[in-house]
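The values are calculated or read from the model by the stated rules, or taken from the named source; none is laboratory data. Please read these numbers as outputs of a predicted model, since none were measured by experiment. All Cβ positions, glycine included, derive from the backbone under ideal geometry; neighbour counts span all protein chains shown. Note: accessible area is taken over every heavy atom of the protein model, side chains too, but ligands, DNA and RNA are not part of it. Shrake-Rupley method; radii C 1.70, N 1.55, O 1.52, S 1.80 Å.
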Amino acid sequence: MKNTILGLAFCAALPVFAQQKATVTVHPDQGKQVINKEIYGQFAEHLGTCIYGGLWVGENSSIPNVKGYRTDVLEALKKLKVPVLRWPGGCFADEYHWMDGIGPRENRPKMVNNNWGGTVEDNSFGTHEFLNLCEILGCEPYISGNVGSGTVEELAKWVEYMTAEQGSPMAKLRKENGRERPWKVKYIGVGNESWGCGGNMYPEYYSDLYRRYQTYCRNYGGNRLYKIASGASDYDYRWTEVLMQRAAQQMDGLSLHYYTVTGWSGSKGSATDFSTDDYYWTLGKCREIEDVIKRHIAIMDKYDPQKRVGLIVDEWGTWWDEEPGTISGHLFQQNTLRDALVASLTLDIFHKYTDRIKMTNIAQIANVLQSMILTKKDKMVLTPTYHVFEMYNVHQDATFLPLDLQCERKIVRGDRIVPMVSATASRNKEGVVHISLSNVDLTESQDITLSLGDMSIKSVTGRILTSESIDDYNSFEHSDVVVPKDFKGAKIQKNGLQVKLPAKSIVVLEVK
Ligand code: AHR
């Protein structure tokens, strides 16, 4: 890695000699909002080897499996406490016809996955395989419906097939295909990226289509749908404005996609071979999601001051060049400690807006973009991003505790200002406080004075994720290069803690 840091800035309140010190003031008495566990949601698309090879190998595979699902992957995902899983796309969703994916597998028609490398899709993983997987994982399914190339009737019947009790024609068909009871399906997306791969629509036109399609997504029996409109990408504030103006009454959620990516054409940069300058740029771009979220929320607040409609960030994460030697269009990328820091910083930001952000889904769960899991035949590795999601799952459904943070900052390429420390805190139902701290500085450790108000502290334990080099990753040959370890760098002080946070590290503390 070349060393090219662009500049330094210091918080006004800190004297210059304190440049490697930081203060974090947690307010345990000000907790109001619960961090929706769905903020830790995942996304599985028919793309590359996410589904086939990553989650599903089929019952006849020599790779150990439970009813066709990889045993190693199931075990890893259970530890992650996945709250919700989005499927079948992404762009794939708007070309997917669900009836091709039910019934005996040998009779299911094939199709070409036009979005993702022209791979032939055999539909062996369909509605039953997906919804049964959600039941095994104990997570909510999030179905992404086809608006781009599907019909209102097709989507209406899919909802009926999945959720109607006995008696309806679709419930009868479901029963013939081996499933008597309906599944519980809460989240339904009406199209995906309808401004792009989902139909290249204008927001005015899509708003009308959204209103029409959602009308026929019915609540059967006790099932209650949470309907999500296809939302904006990044800085497209007009899309949000038009959708909120024209269709807010008909929606429960509005989506947003934001990738930490250099640009949509040309090289996006290597996942593993990057400079110091690239690294800090990535963090700047990652943190910019906060401004983007704030602006979309401000628009939503105008039309929905009660915050009834959720902002659903159903695609986010890093997007690098595909790994050399992998199939073009399959978006297979490695995952380093840099990606882990993008995950921790982004989750810290999502927690702050939990009154509006009801769900997010990192892209994607296996073998695609910023994955939790990478597989190669019978081998599996857990990525540094997986470890962040596992360490952070203590925040799921806990009460968000506001905090103030003062630390050193760097000005990075693109004139973005990146604070060197990021933090978030929550209190769970048992009264245990968890504090997550990230030090993004590549060379300097942080001496953090952490105050917890009046809370009387009896014990502190912690885990740390770090490695020798920021470009370290877990490979199929060396799968435990970047893994969490016990952390002993936090000491109890009067009114709080003193924490020594090593360079490029993520720590989650448990305070009782
Ligand atoms: O996550 C990969 C792709 O990115 C999705 O299919 C699409 O919605 C987005 O452009």
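In the stretch 53-83, which residues are of a type outside the set (A, V, I, L, M, F, W, C) and within 16 Å of the ligand (Cβ to nearest atom)?
GLY54
Can you tell which of HIS296, HIS351 is under 14 Å from the mean Cα position of the chain (by Cα) and either in a helix (DSSP H, G or I) or surrounded by fewer than 22 Cβ atoms within 10 Å (Cβ to Cβ) (or both)?
On inspection, the qualifying residue turns out to be HIS351.
Can you spot a residue in the stretch 312-321 that is touching a helix residue (DSSP H, G or I) at 6+ places or on another chain (Cβ under 6 Å) and within 16 Å of the ligand (Cβ to nearest atom)?
Yes: the stretch 312-321 contains one or more residues that are touching a helix residue (DSSP H, G or I) at 6+ places or on another chain (Cβ under 6 Å) and within 16 Å of the ligand (Cβ to nearest atom).
Of all residues in the stretch 86-127, count the ones that are within 14 Å of the ligand (Cβ to nearest atom), outside any loop (DSSP other than H, G, I, E, B) and touching a Pro at 6+ places or on another chain (Cβ under 9 Å).
Number of matching residues: 2.
For the stretch 500-509, indicate whether the set of residues that are crowded, with 19+ Cβ neighbours inside 10 Å, out of contact with any Pro (no Cβ under 9 Å at 6 or more places or on another chain), assigned to a loop (DSSP other than H, G, I, E, B) and charged (D, E, K, R) is non-empty.
Scanning the stretch 500-509 turns up at least one residue that is crowded, with 19+ Cβ neighbours inside 10 Å, out of contact with any Pro (no Cβ under 9 Å at 6 or more places or on another chain), assigned to a loop (DSSP other than H, G, I, E, B) and charged (D, E, K, R).
How many of the residues making up the stretch 248-291 are aliphatic (A, V, I, L, M) and under 20 Å from TRP320 (Cβ atoms)?
4
Among the candidates GLY431, GLY453, GLY489, single out the residue that is on the phi > 0 side of the Ramachandran plot and touching a Gly at 6+ places or on another chain (Cβ under 9 Å).
The conditions single out GLY453.
Looking at the stretch 474-508, which of its residues are within 13 Å of ASN439 (Cα to Cα) and of a type in the set (Val, Ile, Thr)?
Hits for the stretch 474-508 are VAL499, ILE506, VAL507, VAL508.
Identify all residues within the stretch 473-489 that are touching a residue at least 40 places away in the same chain (Cβ under 8 Å) and either within 20 Å of ARG427 (Cα to Cα) or surrounded by 18 or more Cβ atoms within 10 Å (Cβ to Cβ) (or both); write none if there are none.
TYR473, ASN474, VAL482, PRO484
For the condition within 16 Å of the ligand (Cβ to nearest atom), in a strand (DSSP E or B) and either of a type in the set (Gly, Ala, Ser) or buried (at least 24 other Cβ atoms within 10 Å of the Cβ) (or both), what is the one hit in THR385, THR360?
Going through THR385, THR360 in turn, just one is within 16 Å of the ligand (Cβ to nearest atom), in a strand (DSSP E or B) and either of a type in the set (Gly, Ala, Ser) or buried (at least 24 other Cβ atoms within 10 Å of the Cβ) (or both): THR360.
Would you mention how many residues in the stretch 64-84 are within 18 Å of GLY41 (Cβ to Cβ) and in a helix (DSSP H, G or I)?
7
Residue by residue through the stretch 16-50, note down the ones that are within 16 Å of the ligand (Cβ to nearest atom), in contact with a helix residue (DSSP H, G or I) (Cβ under 9 Å, 6 or more places away or on another chain) and assigned to a loop (DSSP other than H, G, I, E, B).
Of everything in the stretch 16-50, those that are within 16 Å of the ligand (Cβ to nearest atom), in contact with a helix residue (DSSP H, G or I) (Cβ under 9 Å, 6 or more places away or on another chain) and assigned to a loop (DSSP other than H, G, I, E, B) turn out to be ALA44, GLU45, HIS46, LEU47.
Identify the single condition in (1) touching an Asp or Glu at 6+ places or on another chain (Cβ under 9 Å); (2) under 29 Å from THR326 (Cβ atoms); (3) open to solvent by less than 10 Å² (accessible area, probe 1.4 Å) that VAL112 does not satisfy, given that it satisfies every other one.
Looking at each condition in turn, VAL112 falls short on (3).
Count, please, the residues in the stretch 459-472 that happen to be open to solvent by 10 Å² or more (accessible area, probe 1.4 Å) and part of a loop (DSSP other than H, G, I, E, B).
Number satisfying all stated conditions: 7.
What about VAL147, is it outside any strand (DSSP E or B), touching a Ser or Thr at 6+ places or on another chain (Cβ under 6 Å), of a type in the set (A, V, I, L, M) and buried (at least 16 other Cβ atoms within 10 Å of the Cβ)?
Taking the combined requirement at face value, the residue does not satisfy it.
Test ARG181 against the criterion of being surrounded by fewer than 24 Cβ atoms within 10 Å (Cβ to Cβ), in contact (Cβ under 8 Å) with a residue 60 or more places away in the chain and more than 24 Å from ARG356 (Cβ to Cβ), and give yes or no.
No: the conditions fail for ARG181.
Inspect all residues belonging to the stretch 322-336 and state whether any of them is surrounded by 23 or more Cβ atoms within 10 Å (Cβ to Cβ) and away from the ligand (no atom under 15 Å from the Cβ).
So far as the stretch 322-336 goes, yes, one or more of its residues are surrounded by 23 or more Cβ atoms within 10 Å (Cβ to Cβ) and away from the ligand (no atom under 15 Å from the Cβ).
Show the residue pairs that are 6+ apart or on different chains and have beta-carbon atoms under 6 Å apart, the first residue being within the stretch 44-55 and farther than 16 Å from GLU315 by Cβ, the second being within 14 Å of the ligand (Cβ to nearest atom) and part of a loop (DSSP other than H, G, I, E, B).
So the pair list comes out as THR49/ASN367; GLY54/ASN367.
Of the residues ASP378, ASP415, only one is free of Cβ contacts under 8 Å to residues at least 24 places away in the same chain and open to solvent by 10 Å² or more (accessible area, probe 1.4 Å); which?
Answer to the check: ASP415.
Does SER255 meet the test of being within 29 Å of ALA343 (Cα to Cα), within 15 Å of the ligand (Cβ to nearest atom) and at pLDDT 95 or above?
yes
Could you tell me which numbered condition GLY222 fails, if it satisfies all but one of (1) open to solvent by 40 Å² or more (accessible area, probe 1.4 Å); (2) part of a strand (DSSP E or B)?
For GLY222, the exception is condition (2).
Would you say ASN113 is in the same structural domain as ILE143 (by TED's automatic domain parsing) and touching a His at 6+ places or on another chain (Cβ under 8 Å)?
In short, yes.
If TYR205 meets every condition in (1) surrounded by fewer than 20 Cβ atoms within 10 Å (Cβ to Cβ); (2) under 24 Å from the mean Cα position of the chain (by Cα); (3) aromatic (Phe, Trp, Tyr) apart from one, which number is that one?
The single condition TYR205 does not satisfy is (2).
Kindly provide the set of residues from the stretch 425-438 that are assigned to a strand (DSSP E or B) and either over 15 Å from ASP29 (Cβ atoms) or not polar (S, T, N, Q) (or both), ordered by number.
Correct list: ALA425, ARG427, VAL433, HIS434, ILE435, SER436, LEU437, SER438.
Taking ASP441 and the conditions (1) more than 30 Å from LYS458 (Cα to Cα); (2) in contact with a Leu (Cβ under 8 Å, 6 or more places away or on another chain); (3) among the charged types (D, E, K, R); (4) outside any strand (DSSP E or B), which numbered condition does it fall short on, given that it satisfies the others?
Result: ASP441 passes all but (2).
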